[in-house]
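Bear in mind that the values in this text are calculations on the coordinates, not laboratory data. In this text, all values refer to a predicted model and were calculated from it rather than measured experimentally. We place every Cβ from the backbone using ideal geometry, glycine too, and count neighbours over all the protein chains shown.
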Amino acid sequence: MNRAVEQYADMVQRICLVHLRNREDTEDVFQNVFLKYMLYRGDFENSEHEKAWLIRVTINACTDWLRSLSRRRCLPLDAALKECGASDDSSREVLEAVLQLPDKYRRVIYLFYYEGYSAIEIAGILGRKENTVYTWLSRAKAILREKLGGEWA
C-alpha cells in the first residue's frame with residue numbers, strides 16, 4: 001500500500017484536481033481511491049495494469065463525486081443552526097426542533113422545506129415509496145406542531 005501511494009499519489013491527485021477543480025474535494029476522492037486500492041482483491045498483471053486501474057478508478061470516483069447528492073448546493077442543518085445565531089428567535093427555535101426529530105423525519109423535512117425537493121424526488125433520493133415520504137412528512141409536522149405549539153406548515 002505504501003509503495004502504491006508513493007508511486008501513484010501525484011498522478012491520482014493531478015487527475016482529481018483536473019476533474020474536480022477543488023482541493024478539498026480532491027483530498028476526499030484521493031482517500032476514496034486508495035481505500036478502493038487497499039480493498040481490491042484482484043492481482044495486477046504488471047505495473048502498467050496497476051497504473052491503468054488506478055487511473056480508471058480515479059476518473060470514476062471523480063465522476064461519482066460530481067454526481068453525488070453531497071455536491072448539490074446545500075447547507076447541513078447543524079451549520080444552518082450556527083448561521084441562524086444572528087437570525088430571529090422563532091427561526092432558531094424551529095431549526096432546533098427540526099434537529100431533534102428522529103433521523104427519518106429530519107431528513108424528509110430538511111429535503112422538503114430547506115432544499116425544496118418534492119415528495120416524489122425525496123422518495124427517489126431515499127429509496128422509499130412516495131406514500132412513505134408523505135406519511136413521514138405528516139408525522140414530522142405533527143411532532144413539530146406539538147413541540148412548537150400552534151400551526152406549523
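Grab the beta carbon distance between MET11 and ARG41, set R0 = 22 Å, and tell me the FRET efficiency rounded to 0.05.
0.45
Checking the a/c ratio against 1.5 first, then a/b against b/c, what shape does the Cα gyration tensor give for region 9-55?
Oblate is the answer for region 9-55, as a/c is 1.5 or above yet b/c matches or exceeds a/b.
Along region 91-102, what does the Karplus equation 6.51 cos²θ - 1.76 cosθ + 1.60 (θ = phi - 60°) give for ³J(HN,Hα), rounded to whole Hz, x for Gly and Pro?
Karplus values, whole Hz, x for Gly and Pro: 5, 5, 5, 5, 4, 5, 5, 4, 5, 8, 5, x.
If you keep only loop residues by DSSP, which trypsin sites (Lys or Arg not before Pro) in region 6-69 have at most 16 other Cβ atoms within 10 Å of their Cβ?
ARG21, ARG41
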